[in-house]
Amino acid sequence: MQHPGQTKKEIRQPGKSRLLRSLHSFSGISAPLLHDRALRMRIATISLLTLLAALAIIFGSARVARMIYHTDQTMATHRLVFEINEFIARHFDRALAYLATSPQIRSACMGSSRTAAGNRDLFNMLVTAQGTLDASVVYVLDASGTVIGSSPYGPGRTLTGRNYRSRPFFLQALAGQTYHGAIFSTITDEPEIYFSRQVLSGKGGDPVGVVVIRVSLDSINSFIHNTLNKNQEALLLSPDGIVLTASREEWRFRTTRLLTDRRKNELVKNRWPGEQILKPMPFLLKDRLVHYNGKDYIVDIQAVELPGWHIVTLQRVPYPFTVVLILTLLTILAGGMFAFTTLSVHRELALTEEVRLGRAERKRAEAARLGTLRELETILAASLVGIVLVRDGLITTANERMTAIMGYTPEEMIGKNVQMFFPGKEEFRKFVRMYARQLAQRELEHIEYQLQKKDGTVIPCTLSGKAIAAPDLSQGVVWVIEDITERKQAENELEQARRQAVAASRAKSVFLANMSHELRTPMNGIIGITGFMLDSGPTPDQRKRLELIRTSAGLLMRIINDILDFSKVEAGRLELEETPFFLRSALDGVVANLDVQARQKGLTLTVHVDGQVPDILIGDPARLMQVIVNLVANGLKFTPAGEVVLHISRLKDLGPDQVLLIFEVRDTGIGIAPAKREIIFEAFAQADSSHTRQYGGTGLGLSIGRRIVRLMGGELHLDSEQGKGSRFWFSLPFTVARQDDLLEQESAAASWCPGGPPDSLAGRILLAEDEFINATLAVTLLEDAGLTVKSVTTGKEAVKAWQEEEFDCILMDIQMPEMDGYEAVRRIREQEIKTGAHIPVIAMTAYAMDDDRGRCLEAGMDAYLAKPINRSELLDLLGRFIAAGRDD
Ligand code: ADP
C-alpha cells in the first residue's frame, strides 16, 4: 500500500535503518511494508535475538570448549592417578610388605644372620628386588638406623654402613607408619621417592629395622609422557606443594605454594636443591583456569594414594575459532532467513489485506452506486414534473409523473418515438426545427407547447430539455415536462379578475368624475350667482348674507376638492407637473390669503425663504403650494395664540443643478399627543374627535400632503409637544431651472396673449352647455365681457351651429346628452380638414381628473378649463384665441 504522495526517494531517505534498507533491497519487499510499526518491531526483535545468539556463541563457545576439554582432561588425570596408584604406590607398598616380612631381612635386622652367607643372601635378595622393582636402590636399616644391607647404588656403591637414624623415612617407618616421601638424592642428584616400612621381629613382634625402596621419579615421568596429549600438561605435587616431576622440565622443583622458612630449611637440610630450585611456579594452581605462555589452561587436581601427593593436569583449551565462525554465520543466516520469512509472510498478509480491502472497496462503491441509482429512481418517482430520457429520438426512461401526465403506461412509452407526445407529425417537425439547435447548443428552458395525451386531448405544457452532452444529442436529452393546464386556468382566471378590477377601478374613476361633476356644477352655480349678486349692488345686509353664502360654498368646494384629490391619490392617478416656476411668487400668491386668516385670529404669520434657496425651480407649483397651504392653514387653525412660521431653506446641493430644500411649518399651537402623531397622517383621521366640532375639517389634508410629498421624492415629518406647538417639515429635491427655461415659457405665453388678459372682448362665441345654471352663468359672464354668445345644449347642436354660423371660439362642455363634447369636436375637426380652417375650442369640464386634460387635447380641443369657471382665466384664454384668430 503506497501512501499517497510518497515517492521512492522519500523511502530511501537517510536516517532509515541501514539494516532495514539492506533487507529491503535484499528481499525486494516494498519499503512501505517497513512502515508497519508491528513489522518493524518484529524485525528489530529478530535482529536483536540474532545478535544475542551470535554473542552467546562467541562468548559461550569458550566455556563449552572448556567443558568438552575438561572431560578429556579428567580422563587423563584419572589414568595418571590410577597408574601412579597401581604401579607406584601399591606396587611399592606391596614390595615393601613382602620385603619387610621376608625371613632374610627379618633375621638380618635381628642380627642373627649377620654372616657373610647371610649378608650375601640379603644382598642378593635386595639386588633382585631392585631389579624387579626397577628401583634406584633397595636397602635395610637396623633399629639403630644403620644400613645393614643395600642393593648397589651407582656403580660399585652401596649404602651399607651408613646411618640414617635421624631421617624421617627411618624414624617414621620404625614407629610403624609406612613412609612415602620424596627426598633429594645426593647420589643421583635427583629427587627420589622413598618407600620405607618397619621390619618386625615376628608377627606382633618388636620393630627391628626398616626396609627402604628408593625409586627414581623417571618412572612417573614416563607415565606422564605416555598418557598426555599435546594439549595437556601434568605435574606431580609433593605434600609441600613442590613439583616433583612435570611434563615441562622448567616446572620441576618449583613450589606451588609458599613454604615456611622452617620447612624450607628442613628441605635444604634434607638436601633439596635449595632456594634457587624451589622457585614458585609461574601460576597459582588454586585457580581453575590458568594462563601460561599466552595460552589458557584448565586445571584438574586429584590425590594419589601416596599421602599428600597430588597429580595435577593442565588442559589447554584453544578458542574454537572455526566453530564459532561457522555457528555465528549460521546464526546470522538463520536470523536473516527468519527476518526474510517474517517480511514475506507480512507482505503476503498485507497483499491479502489489500485484496480484501479492494474487494470491500469495490463492494462499497457498488453499494454506493446502487444507492445513488435508488436515490435517482426515488427522486424521479417523487418528482412533480414529468421526466423522460430521449435517446436517438426514442424514449428510454420515463418517470411516474410522466405516465400520469400523458396517460401512457411506462411500457407504452419506453422504446417509442418521442413524437408520440405531439399532436401530429407536422407539429413535431416544427418543434424540432425551432428548438433542436438551441438544445444542441445548451439547454431549453420552459418552452410552452401543446402536447397530446394518449386519449387525444391536447394539454398546455412547459418543456425544458437538457442534452447530456451538448452538442452530441445522440447521447440523449432529458426532457422535463410540466402539465400547466391548471396554471393556465388560474392565469386566465387571474387575468379575468384583473380585467374586472381594472373595470371596477375605471368605474370608480368614472363615478368620482361624475360625482365631482355633479357636485361642482351646482357649486359653480352657487358661487357664480352669488358673485353676480354681490356685483349687482346689494344692500349691506344682503351683502353680508351673500358673502356668507360665498364663504360656505368656498369651504364646501374645498372639501369636494380634497375628496377628489384623495380619490386621485388612492387610485394612483395623481400626476405631477414638471414645469419651471418662481418659488417666491408662487408663495406670495397663497400667503396673502393665509395672512388675512392669521390676522383675523390675531396670529403672526411669518414666511421666511433663505437667500440661498434658488428662485426658479422645476416641479409642480400647484401641488407644492397645496401642501404648504394645508400645513400653514392647519397651523393657523390649531394655534389659539402666538405665531405660525413658514421657513424654506437650502439643505444641500445634490448635483450641479440639483438642490435639496427643506420646508418647515411651525406653530405655537395646541400640539399633538405622541400617540396621535402617526394617526393624523391617515385619511379622515384627526387627533381629537372634538376637533371636528371645534375646528372643522375632513382629516384628509395631511394624508394627501404626505402622499404628494412622497410623490415628489420626500417625506413629511412631524415633531410636536403637546400644548406648546408643532413642527411639520419635509425635504424635497428640485432641479434648479435656468433662466432660459422660464423665458421660453414666458415667451410662449406672450405669443398667445401679447396684451395680457383683456377687460373687454369682441367676438361671437358658441357655448355648448347642457346645464342650465352653468350656461346662464357663462352667458352672463361672456356677455358682461362684451361678447356675443350663442348657447346650445348638446354636442349635435354645437356641430350644427358651427356648420351654419361663424364663430370666433367654441366653449364646449364635455358631458352633454346626445353627443358629448369629445365627439362634437372630433366631427368639427374632421370637417375642418377639407377647408383647412381651425376654430379654437375650449373644453369646460367638471371632470377634474388629470387625464381629462390629455383626453380633451387628444380629441382636438385647444385648451382646457376646469369648472367652476374662473372669470379671468376664461377671458384670458378667449382673449388669446380670438386675437390669434384675428391675426390669422
Ligand atoms: P383636518 O385639518 O382637515 O382635520 P388634516 O389631515 O389636515 O385634517 O389634519 C388632521 C388632524 O391633525 C387635525 O384634525 C388635527 O387634529 C391634527 N393637526 C394637524 N395639524 C395640526 C397642528 N398644526 N397642530 C395641532 N394639530 C394638528
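The values are calculated or read from the model by the stated rules, or taken from the named source; none is laboratory data. Note that the coordinates shown come from a computational prediction; the quantities given were computed from them, not determined experimentally. In this analysis, Cβ positions are derived from the backbone assuming ideal geometry, glycine residues included, and neighbour counts consider all displayed protein chains. Just so you know, the surface numbers come from the protein's heavy atoms only, side chains and all, with ligands and any DNA or RNA stripped out. Shrake-Rupley method; radii C 1.70, N 1.55, O 1.52, S 1.80 Å.
Please go through segment 600-634 and pick out each residue that is among the small types (Gly, Ala, Ser) and surrounded by fewer than 21 Cβ atoms within 10 Å (Cβ to Cβ).
GLY602, GLY611, ALA622, ALA633
Which pairs do you get when a residue that is in contact (Cβ under 8 Å) with a residue 24 or more places away in the chain and closer than 9 Å to PHE663 by Cβ, found in segment 712-730, comes within reach of a residue that is in a loop (DSSP other than H, G, I, E, B) and not charged (D, E, K, R), reach meaning Cβ atoms under 8 angstrom, with the pair 6+ apart or on two chains?
Within 8 Å, the pairs are PHE728/LEU716; TRP729/LEU716; PHE730/GLY714; PHE730/LEU716.
Within segment 697-716, restricting attention to residues that are more than 12 Å from the ligand (Cβ to nearest atom) and not hydrophobic (A, V, I, L, M, F, W, C), which residue is surrounded by the most Cβ atoms within 10 Å (Cβ to Cβ)?
If we take residues in segment 697-716 being more than 12 Å from the ligand (Cβ to nearest atom) and not hydrophobic (A, V, I, L, M, F, W, C), then GLY714 is surrounded by the most Cβ atoms within 10 Å (Cβ to Cβ).
Note down all Cβ pairs under 6 Å where the first residue falls in segment 644-670 and is under 22 Å from VAL596 (Cβ atoms), the second is of a type in the set (Asp, Glu) and buried (at least 18 other Cβ atoms within 10 Å of the Cβ), and they're at least six residues apart or on different chains.
Going by the 6 Å Cβ cut-off, the qualifying pairs are VAL644/ASP667; HIS647/GLU664.
Collect the residues in segment 156-214 that are over 24 Å from ARG252 (Cβ atoms) and among the β-branched types (Val, Ile, Thr), keeping them in residue-number order.
Correct list: THR158, THR160, THR178, VAL199, VAL208, VAL210, VAL211.
Which of the following residues is in a helix (DSSP H, G or I), of a type in the set (A, V, I, L, M) and farther than 29 Å from GLU443 by Cβ: ALA503, ALA490?
ALA503
Does segment 784-800 contain any residue that is farther than 13 Å from LEU766 by Cα, in contact with a Leu (Cβ under 7 Å, 6 or more places away or on another chain) and open to solvent by less than 50 Å² (accessible area, probe 1.4 Å)?
Yes: segment 784-800 contains one or more residues that are farther than 13 Å from LEU766 by Cα, in contact with a Leu (Cβ under 7 Å, 6 or more places away or on another chain) and open to solvent by less than 50 Å² (accessible area, probe 1.4 Å).
Regarding segment 576-583, can at least one residue be identified that is within 16 Å of the ligand (Cβ to nearest atom), hydroxyl-bearing (Ser, Thr, Tyr) and either closer than 21 Å to LEU624 by Cβ or surrounded by 14 or more Cβ atoms within 10 Å (Cβ to Cβ) (or both)?
For segment 576-583, residues within 16 Å of the ligand (Cβ to nearest atom), hydroxyl-bearing (Ser, Thr, Tyr) and either closer than 21 Å to LEU624 by Cβ or surrounded by 14 or more Cβ atoms within 10 Å (Cβ to Cβ) (or both): absent.
Taking the options ARG162, ARG106, ARG120, name whichever one is in contact (Cβ under 8 Å) with a residue 40 or more places away in the chain and among the basic types (Lys, Arg).
So the residue among ARG162, ARG106, ARG120 that is in contact (Cβ under 8 Å) with a residue 40 or more places away in the chain and among the basic types (Lys, Arg) is ARG106.
Of all residues being of a type in the set (A, V, I, L, M, F, W, C) and within 13 Å of PRO614 (Cβ to Cβ) in segment 645-684, which is nearest to the ligand (Cβ to nearest atom)? Just the residue, please.
Ranking the qualifying residues of segment 645-684, first place goes to ILE648.
Could you list, in sequence order, all residues of segment 845-856 that are in a helix (DSSP H, G or I), modelled with pLDDT under 80 and open to solvent by less than 20 Å² (accessible area, probe 1.4 Å)?
ASP852
Out of LEU463, LEU444, LEU451, report the one residue that is surrounded by 15 or more Cβ atoms within 10 Å (Cβ to Cβ), at pLDDT 90 or above and within 15 Å of ILE387 (Cα to Cα).
LEU451
Each row is one residue, and each column tells you yes or no for (1) assigned to a loop (DSSP other than H, G, I, E, B); (2) modelled with pLDDT under 85; (3) within 60 Å of the chain's Cα centre (by Cα).
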site	(1), (2), (3)
MET812	no, no, no
MET819	yes, no, no
ALA843	no, no, no
GLU858	no, yes, no
LEU865	no, yes, no
LEU875	no, no, no
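Determine if segment 533-543 includes at least one residue that is open to solvent by less than 70 Å² (accessible area, probe 1.4 Å), part of a strand (DSSP E or B), out of contact with any helix residue (DSSP H, G or I) (no Cβ under 6 Å at 6 or more places or on another chain) and not acidic (Asp, Glu).
No, segment 533-543 has no match at all.
Whether any residue in segment 366-382 is open to solvent by 80 Å² or more (accessible area, probe 1.4 Å) and over 30 Å from the mean Cα position of the chain (by Cα) is what I want to check.
Within segment 366-382, one or more residues are open to solvent by 80 Å² or more (accessible area, probe 1.4 Å) and over 30 Å from the mean Cα position of the chain (by Cα).
Write out, first by first residue and then by second, each pair whose Cβ atoms fall under 6 Å of each other, whose residues are 6+ apart or on separate chains, and whose first residue, in segment 469-486, is on the phi > 0 side of the Ramachandran plot while the second is open to solvent by 40 Å² or more (accessible area, probe 1.4 Å) and β-branched (Val, Ile, Thr).
Cβ pairs passing all conditions: GLY476/ILE468.
What number of residues within segment 620-634 are within 12 Å of the ligand (Cβ to nearest atom) and of a type outside the set (A, V, I, L, M, F, W, C)?
Final tally of qualifying residues: 3.
GLN597 - would you say it is touching a residue at least 60 places away in the same chain (Cβ under 8 Å), within 16 Å of the ligand (Cβ to nearest atom) and either open to solvent by 30 Å² or more (accessible area, probe 1.4 Å) or closer than 27 Å to ASP688 by Cβ (or both)?
Spelling it out, it is not the case that GLN597 is touching a residue at least 60 places away in the same chain (Cβ under 8 Å), within 16 Å of the ligand (Cβ to nearest atom) and either open to solvent by 30 Å² or more (accessible area, probe 1.4 Å) or closer than 27 Å to ASP688 by Cβ (or both).
Exactly one of these conditions fails for ARG401: (1) open to solvent by less than 50 Å² (accessible area, probe 1.4 Å); (2) in contact with a Ser or Thr (Cβ under 7 Å, 6 or more places away or on another chain); (3) not in a strand (DSSP E or B). Give me its number.
Just one mismatch for ARG401, condition (1).
Count, please, the residues in segment 136-157 that happen to be touching a strand residue (DSSP E or B) at 6+ places or on another chain (Cβ under 6 Å), farther than 21 Å from ASP218 by Cβ and open to solvent by 10 Å² or more (accessible area, probe 1.4 Å).
Qualifying residue count, segment 136-157: 4.
Confirm whether LEU617 is assigned to a strand (DSSP E or B), away from the ligand (no atom under 16 Å from the Cβ), touching a residue at least 40 places away in the same chain (Cβ under 8 Å) and not charged (D, E, K, R).
When the stated conditions are applied, LEU617 passes them.
Filter segment 472-504 for residues that are under 16 Å from LEU389 (Cα atoms) and in contact with a helix residue (DSSP H, G or I) (Cβ under 7 Å, 6 or more places away or on another chain) and give the result.
Passing the criteria: LEU473, VAL477, ILE481.
Looking only at segment 639-653, count every residue that is farther than 22 Å from SER585 by Cβ and over 60 Å from the mean Cα position of the chain (by Cα) and tell me the total.
Number of matching residues: 5.
Give the residue, chosen from THR579, THR551, THR521, THR530, that is over 60 Å from the mean Cα position of the chain (by Cα) and without any contact (Cβ under 8 Å) to a residue 12 or more places away in the chain.
Going through THR579, THR551, THR521, THR530 in turn, just one is over 60 Å from the mean Cα position of the chain (by Cα) and without any contact (Cβ under 8 Å) to a residue 12 or more places away in the chain: THR551.
What residue, among those in segment 635-671 that are surrounded by fewer than 19 Cβ atoms within 10 Å (Cβ to Cβ) and among the basic types (Lys, Arg), is nearest to GLU721 (Cα to Cα)?
If we take residues in segment 635-671 being surrounded by fewer than 19 Cβ atoms within 10 Å (Cβ to Cβ) and among the basic types (Lys, Arg), then ARG650 is nearest to GLU721 (Cα to Cα).
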